[in-house]
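Step one of this worksheet: look at the structure below.
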Amino acid sequence: MTTLLDIIRLLTETPLVFVAIAGLTWGILGGALPGISASITMALVLPFTYTMDPAQAIALLACVYIGAEYGGSIPAILIRTPGTNSSAATVIDGYELNRQGRAGEALGISLMSGVIGSLFGLAMLILLTEPLSWLALAFTPASYFGLGILGLSVIASMSGGSLIKGLAAAIIGLMIATVGTDPISGVTRFTFDIPDLLGGVEPVLVMVGLFALTELMCQSGSTTVTQLNQKIRIKLPSLAVMNKLKRSQFIGCILGLFEGLTPGGGGSIAAFMSYNEAKRWSKTPHLFGKGSEEGVAAPEAANNTVASTALIPLLSFGIPSSNSTAVLLGGLLMHGLIPGPRLFEQSAQVIDSIYVGSFIAIIAQIGVGIIILPACIWLVNRPRPYRAGFIFALILSGIFTLNNSLFDLGIALVLGLVGFLMRLAGFPVLPMILGVVLGHMVESSYRRSLVLSGGDHMIFLQDPIAVALLSIAFIFVAFSLSRELREARKAKIEEVPS
Amino acid sequence: MRKDLISGLVLLAVAGIYYSWSGAIADSTLSDEVGAAGLPHALAVVLAILGTLLIGRTLLARKPRTVTVDDSTDESDAGLPRAVGFLLFGAAYVIVLPFAGYVIGTALLIGGVALYEGAARNWTVPAAAIGGGVFYWAIFVKLLGVHQPVGSLIQGLF
């Protein structure tokens with residue numbers, strides 16, 4: 001049980017404060033760079049957390065996520081280019097305010113709405129995560145199999161319009177997860193007598209390869225030039241303005257909570273949904289699209305809420321609902337931490353660090369956000385060729401740090417190429433990452449269940465939790481499949497007149 | 001459409017290769033009913049089915065009546081050689097690192113990538129490259145205490 005003294009100790013502990021602010025700063029800088037999403041920003045720092053204390057490492061990643069969600073709004077407002085996917089909705093009115101010479105106000109509204117969203121999300125995270133995680137105590141191997149399948153069903157809504165491609169990507173991820181030592185019999189699989197492969201392919205290499213390296217390859221040769229005005233300063237909103245924005249911020253918080261809890265939800269959907277709802281409930285809907293302050297507040301409150309609430313299914317059950325939470329799950333697994341009630345019992349320090357570190361980062365965001373803006377603008381203004389070189393060197397240095405292994409660098413480079421080819425062919429990468437991350441859990445719980453039942457598959461239908469989880473997974477997949485078929489039919493009908 | 005057809009064929013090939021490799025997995029007396037090769041076999045079969053479905057869906061797709069632009073010439077395709085070229089700098093880094101060491105290897109990587117990405121050929125490139133190499137060395141090796149390769153070249157000199 002965490003006492004108030006524990007929280008005060010953590011709050012006053014210098015390393016955690018330092019880690020939280022460092023993570024936040026890194027997150028804002030990464031999020032502000034167009035093309036570098038929150039998950040890439042987290043993946044870049046992931047290898048460096050390998051040697052850190054697990055509690056601080058996970059807190060750092062959570063704070064990077066919080067920072068990146070705010071950082072993404074900076075280029076969205078200033079150059080009409082969202083730094084992260086979830087800040088795409090902020091572009092609509094944020095950039096319009098900038099054109100009206102009110103960039104400082106827009107950045108201030110974005111910052112404060114983000115702080116409110118993050119605080120709300122953190123409160124929900126603290127209230128809901130532990131009670132939900134206790135459900136997992138009743139889990140049998142069959143339930144864990146159902147949970148793994150539910151986690152994989154996220155693929156259905158992340159397949160970008162082609163369920164076949166999403167499933168194929170997931171299968172390839174599962175294939176990568178089979179490399180190494182078999183979890184039941186201990187024999188080696190697909191290691192080709194290479195000692196470096198005995199432990200399998202680390203999820204962190206897959207994430208860095210598929211997210212960060214692929215993105216750098218995609219941006220290679222790009223001639224886009226981004227230049228920001230160095231003189232812009234943040235203007236925090238007055239109390240009167242904040243009072244005017246409370247309805248849109250409330251909408252953003254509620255939708256952010258809902259989307260954070262939903263597998264396959266995420267900041268982008270929450271931001272666009274809250275933009276629409278804020279417009280619907282606004283007293284001045286005609287201003288939306290023409291520089292509405294509410295049009296900035298709602299999506300920013302929503303995507304920052306998601307940065308905390310997306311951790312609820314992750315910490316309770318180990319289900320990553322987005323790219324960023326998949327990276328965070330990679331961080332947990334890298335430190336031998338398994339989400340669920342045992343994490344709360346055996347590694348309470350990690351949970352406390354996430355809560356306290358996130359709180360520090362959210363509060364510090366106001367000061368850091370103001371101070372760091374010139375640095376963000378400086379960074380975005382650096383010539384792209386040099387930026388690419390420095391980021392590439394940072395990625396490769398980080399990977400080497402993991403195991404001091406050149407072989408790891410080779411694996412990450414190959415996966416970068418695989419990710420690029422997948423993107424070229426229209427295959428989503430998240431299902432592949434989910435396959436790698438959840439593969440071990442799915443296989444070992446499936447086989448353990450069969451060992452317990454003497455090979456009888458009915459065990460999966462006799463366990464009520466497994467039945468419930470498998471049913472939800474089935475509904476997710478069926479819903480996505482019907483949506484895909486509906487869209488294909490609609491496209492066909494539209495094609496006929498032409 | 002052509003991309004989906006090629007993707008389907010690639011999936012079939014991957015499934016075939018993976019299946020044949022999974023045949024080499026050794027049996028164990030500790031093995032359960034499914035066995036160490038059970039999941040790999042199943043995955044290969046499912047991937048083959050998905051590949052076939054993708055090919056089938058592409059071939060069965062109604063051909064549009066109007067003339068369409070061939071999707072093989074879009075912007076992403078044009079970037080493939082360029083992107084692979086970018087990745088080769090990483091491969092060169094892996095080869096050079098044990099010999100040249102971290103500072104020189106990193107400097108070469110930053111300079112090479114900057115030039116490849118279109119930086120103007122002037123003094124800024126070597127300055128940024130050397131500065132970057134030293135900067136990362138100071139952060140990783142000196143500040144964070146992370147071990148990075150010294151390099152046989154540097155070891156030979158000192």
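The table for this structure:
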{"item": "Electrostatic dipole magnitude of chain A [Cβ: Lys, Arg +1; Asp, Glu -1; Cα centre; debye, to 20]", "result": "1600 debye"}
{"item": "Gyration tensor (alpha-carbon) shape descriptor, chain B, a/c threshold 1.5", "result": "oblate"}
{"item": "Shape of the range A:281-406, Cα gyration tensor, a/c cut at 1.5", "result": "oblate"}
{"item": "Length added when fully stretched, B:His147-B:Thr52, from 0.36 nm per residue minus Cα-Cα", "result": "29.4 nm"}
{"item": "Neighbourhood charge, 13 Å Cβ-Cβ cut-off, centred on A:Ile176 and excluding it, Lys, Arg +1 and Asp, Glu -1", "result": "-1"}
{"item": "Under the Karplus curve 6.51 cos²θ - 1.76 cosθ + 1.60, θ = phi - 60°, whole-Hz ³J(HN,Hα) for the range B:112-124, x wherever Gly or Pro sits", "result": "x, 5, 4, 5, 4, 8, x, 5, 4, 7, 9, 5, 4"}
{"item": "A:Ile28 accessible area, assembled protein chains, probe 1.4 Å, Å²", "result": "0 Å²"}
{"item": "Peptides A:483-490, A:57-64 ordered by average Cβ neighbours within 10 Å, highest first", "result": "A:57-64, A:483-490"}
{"item": "Total formal charge among the other residues, if their Cβ is under 14 angstrom from that of A:Ala103, Lys/Arg +1 and Asp/Glu -1", "result": "+2"}
{"item": "Kirkwood Rh (inverse of mean 1/r, distinct Cα pairs), the protein assembly as shown, angstrom", "result": "25.8 Å"}
{"item": "Relative contact order of chain A, defined on C-alpha pairs under 8 angstrom at six or more residues apart (%)", "result": "29 percent"}
{"item": "Dipole-positive endmost among B:Gly131, B:Gly38, B:Leu53 within chain B (Cβ charges, Cα centre)", "result": "B:Gly131"}
{"item": "Axial C-alpha extent at least 18 Å, average Kyte-Doolittle at least 1.6 - helices from chain A (DSSP)", "result": "A:14-32, A:163-177, A:348-381, A:406-424"}
{"item": "10 Å Cβ neighbours from other chains, averaged over peptide A:167-179", "result": "6"}
{"item": "Most mobile listed residue (B:Val94, B:Val34, B:Val141) in chain B, GNM with C-alpha springs under 10 Å", "result": "B:Val34"}
{"item": "Angle between chain B longest axis and helix B:2-22 axis [Cα atoms, degrees, rounded to 10]", "result": "90 degrees"}
{"item": "Rounded Å value of the spacing that divides the Cα centres of the range A:279-357 and the range A:20-40", "result": "15 Å"}
{"item": "B:Trp21 - accessible surface, heavy atoms, 1.4 Å probe, Å² rounded to 10", "result": "130 Å²"}
{"item": "Accessible heavy-atom area order of B:Asp27, A:Asp53, B:Asp4, A:Asp182, highest first, probe of 1.4 Å", "result": "B:Asp27, A:Asp53, B:Asp4, A:Asp182"}
{"item": "Cleavage-rule hits, trypsin sites (Lys or Arg not before Pro), the range A:61-106, DSSP coil, Cβ neighbours within 10 Å at most 12", "result": "none"}
{"item": "Computed [θ] at 222 nm, deg cm²/dmol, the protein assembly as shown (DSSP H ≥ 4; -39,500 (n - 2.57); rounded to nearest 500)", "result": "-23500 deg cm²/dmol"}
{"item": "Which of A:Ile433, B:Ile139 is most accessible, then next, and so on - probe 1.4 Å", "result": "B:Ile139, A:Ile433"}
{"item": "Peptide-level mean, for B:84-92, of C-beta atoms on other protein chains within 10 Å", "result": "6"}
{"item": "Heavy-atom accessible area ranking, 1.4 Å probe, most first, across A:Glu215, A:Glu300", "result": "A:Glu215, A:Glu300"}
{"item": "Rounded to 10°, Cα long-axis angle of helix B:38-60 versus longest principal axis of chain B", "result": "70 degrees"}
{"item": "Whether the range A:354-419 is rounded, prolate or oblate, judged on the alpha carbon gyration tensor where a/c under 1.5 counts as rounded", "result": "oblate"}
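The values are calculated or read from the model by the stated rules, or taken from the named source; none is laboratory data. Every value quoted in this text rests on a predicted model; they were computed, and no experiment measured them. Note that we place each Cβ from the backbone using ideal geometry, even for glycine, and neighbour counts take in every protein chain shown. When the accessible area is computed, the model is the full protein with side chains, heavy atoms only, and any ligands, DNA or RNA have been set aside. Shrake-Rupley method; radii C 1.70, N 1.55, O 1.52, S 1.80 Å.
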